[in-house]
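The values are calculated or read from the model by the stated rules, or taken from the named source; none is laboratory data. Bear in mind the structure is a predicted one, so any value in this text is a computation, not a measurement. With ideal geometry, Cβ positions are generated from the backbone for all residues, glycine too; neighbour counts draw on all protein chains shown. Just so you know, the surface numbers come from the protein's heavy atoms only, side chains and all, with ligands and any DNA or RNA stripped out. Shrake-Rupley method; radii C 1.70, N 1.55, O 1.52, S 1.80 Å.
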Amino acid sequence: MTYNVYRINRKTGDKKIFRTCKSIVLAQKAWRQLTTKLAEEFRAQFGDILGLPAEDAVIEAA
């Protein structure tokens, strides 16, 4: 079974594949990498304010 890790825009619902993995463990690692990247991008853009990034990370079985 393969797992896709998606970068999803919260406003439009657009999905972009970030990574395709062959095991759930690798998909979880990729999900952590993506969520960290999204948080860093958010902080770089808005500083340390409370809020949610415009995009989210999701794992789905393919």
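Looking at the range 3-15 only, could you name the residues that are loosely packed, with under 15 Cβ neighbours inside 10 Å and either modelled with pLDDT of 95 or more or of a type in the set (D, E) (or both)?
Scanning the range 3-15 gives a single hit, D14.
Which residue out of A30, A61 is touching a Phe, Trp or Tyr at 6+ places or on another chain (Cβ under 6 Å) and either modelled with pLDDT of 95 or more or exposed (fewer than 15 other Cβ atoms within 10 Å of the Cβ) (or both)?
The conditions single out A61.
Being of a type in the set (A, V, I, L, M, F, W, C) and not in a helix (DSSP H, G or I) is the filter here, so list the residues in the range 1-32 that pass it.
Those that are of a type in the set (A, V, I, L, M, F, W, C) and not in a helix (DSSP H, G or I): M1, V5, I8, I17, F18, C21.
How do the pairs read when you match residues in the range 3-27 that are farther than 10 Å from E55 by Cβ with residues anywhere that are open to solvent by 90 Å² or more (accessible area, probe 1.4 Å), using Cβ under 7 Å and keeping only pairs 6 or more apart or on different chains?
N4/I17; V5/R19; V5/W31
Just to be sure I understand the filter: pairs with C-beta atoms under 8 Å, separated by 6 or more residues or on different chains, first member in the range 36-62 and over 30 Å from K22 (Cβ atoms) and assigned to a loop (DSSP other than H, G, I, E, B), second member modelled with pLDDT under 90 and open to solvent by 70 Å² or more (accessible area, probe 1.4 Å). Which pairs pass?
That search, which allows pairs on different chains as well, returns L52/R10.
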